Amino acid sequence: MDSSKKTEVVLLACGSFNPITNMHLRLFELAKDYLNATGEYKVIKGIISPVGDAYKKKGLIPAHHRIIMAELATKNSHWVEVDTWESLQKEWVETVKVLRHHQEKLATGSRSHPQSSPVLERPGRKRKWADQKQDSSPQKPQEPKPTGVPRVKLLCGADLLESFSVPNLWKMEDITQIVANFGLICVTRAGSDAQKFIYESDVLWRHQSNIHLVTEWITNDISSTKIRRALRRGQSIRYLVPDLVQEYIEEHDLYNSESEDRNAGVTLAPLQRNTSEAKHNHSTR
């Protein structure tokens with residue numbers, strides 16, 4: 001297909017990145033290879049958007065550390081960058097709103113919203129945070145779809161897809177908007193039940209043409225949880241995370257038994273918000 005007729009795609013990965021691992025980076029490469037190979041899409045950018053501290057996940061270290069580690073991990077990438085807008089919000093932001101923010105940012109064009117996520121020139125530099133504070137207010141809920149504007153799609157693993165079924169973790173209308181208006185690029189392992197999960201969900205089944213399942217044939221079981229466990233036990237994490245990330249973790253002693261107890265006993269932000277709204281809606285019927 002003529003490259004001018006291909007749909008340009010920006011891959012957006014949301015998550016804790018606590019810490020970022022080599023597997024997180026591999027997701028981008030796998031998704032890019034898959035989409036480009038279809039002949040219908042051209043991936044032009046990847047965005048890593050770490051969740052803010054208000055997410056309240058157990059063991060979640062401060063966002064500024066997770067941002068810096070993500071920037072160090074992508075320092076040598078020519079197409080994957082880190083965006084701090086989500087991290088700068090005082091309250092937890094639903095994933096669909098993060099997608100909408102980046103889609104609207106693309107729609108307005110680079111002339112009014114220049115790219116504000118440069119790679120850090122040296123570890124710990126905070127200039128980017130200041131740059132983005134002026135653009136940290138939530139956007140109005142619109143779904144712009146002008147022709148010629150790159151499309152933002154959510155990049156994820158099979159675990160996120162399956163989390164759609166966890167009670168009160170996601171709003172059904174948010175799931176619908178994500179798969180209908182944006183789309184999913186879901187990287188799964190060989191033998192995964194992702195296709196079965198789509199079959200069992202009416203919403204996902206209805207929009208399955210907008211859900212791309214990418215099989216990861218070279219298996220990789222690296223996870224942030226396992227990285228933190230190894231660090232608590234004094235074990236090596238070399239070759240599991242980028243070298244610069246490992247050095248930063250060691251320099252700041254980021255992960256230990258004390259850090260793992262952060263937010264212990266605190267209800268996860270989406271569960272708290274969605275449960276509260278569900279009770280309110282039920283009481284007003």
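The values are calculated or read from the model by the stated rules, or taken from the named source; none is laboratory data. Since the model is a prediction, treat every value here as computed from it, not as a measurement. Cβ placement follows ideal geometry from the backbone for every residue including glycine, while neighbour counts extend to all protein chains displayed. Areas reflect the complete protein model, heavy atoms only, side chains present, ligands, DNA and RNA absent. Shrake-Rupley method; radii C 1.70, N 1.55, O 1.52, S 1.80 Å.
Looking at the stretch 1-110, which trypsin sites (Lys or Arg not before Pro) are in a loop (DSSP not H, G, I, E or B) and have at most 11 other Cβ atoms within 10 Å?
Passing both the DSSP loop test and the Cβ count: Lys90.
Just to compare against my own numbers: the Cα pair-distance distribution for the stretch 5-101, 10 Å bins, whole % per bin, please.
The percentages, shortest bin first, are 16, 45, 30, 8, 0.
Before I look further, what does the stretch 1-108 give for accessible area per residue, probe 1.4 Å, in whole square angstrom?
36 Å²
Looking at Thr21, Ala54, His64, which one has the Cα that reaches farthest to the positive end of the dipole of the stretch 2-68 (charges on Cβ: Lys, Arg +1; Asp, Glu -1)?
Ala54
Hey, how much of the P(r) for the stretch 197-236 falls beyond 17 Å, as a percent of Cα pairs? Show your work: numbers first, answer last.
Values: 453 of 780 pairs.
Percent of Cα pairs beyond 17 Å in the stretch 197-236: 58.
Quick one: putting +1 on the C-beta of Lys and Arg, -1 on the C-beta of Asp and Glu, what dipole do you get for the stretch 181-221 around its Cα centre, in Debye to the nearest 20? Write out the running numbers ahead of the final one.
Working: 3 positive and 5 negative charges, 23 e Å.
Computed charge dipole of the stretch 181-221: roughly 120 debye.
With a 1.4 Å probe and all protein chains left in place, how much accessible area per residue does the stretch 162-273 have, in Å²?
57 Å²
If each Cα of the stretch 51-101 is one equal point scatterer, what is log10 of I(q)/I(0) from the Debye formula at q = 0.17 Å⁻¹?
Result of the Debye calculation: -0.56.
Please compare each pair in Lys105/Lys226; Lys58/Lys171; Lys32/Lys105; Lys5/Lys153; Lys5/Lys97 to a cut-off of 26 Å on the Cα-Cα distance and tell me which ones are over it. Don't skip to the end; give the middle numbers.
Numbers: Lys105/Lys226 35 Å; Lys58/Lys171 22 Å; Lys32/Lys105 21 Å; Lys5/Lys153 18 Å; Lys5/Lys97 28 Å.
Cα-Cα > 26 Å for Lys105/Lys226; Lys5/Lys97; rest within.
Averaging over all projection directions, find the projected area of the Cα convex hull of the stretch 159-285 and quote it in nm² with one decimal place.
The Cα convex hull of the stretch 159-285, projected and averaged over all directions, gives 11.0 nm².
List the residues, sorted by chain then number, that are 5 or more residues from Val80 or on another chain and whose placed amide H is less than 5 Å from its amide H.
Excluding prolines and chain starts, which carry no amide H, the hits are Gly46.
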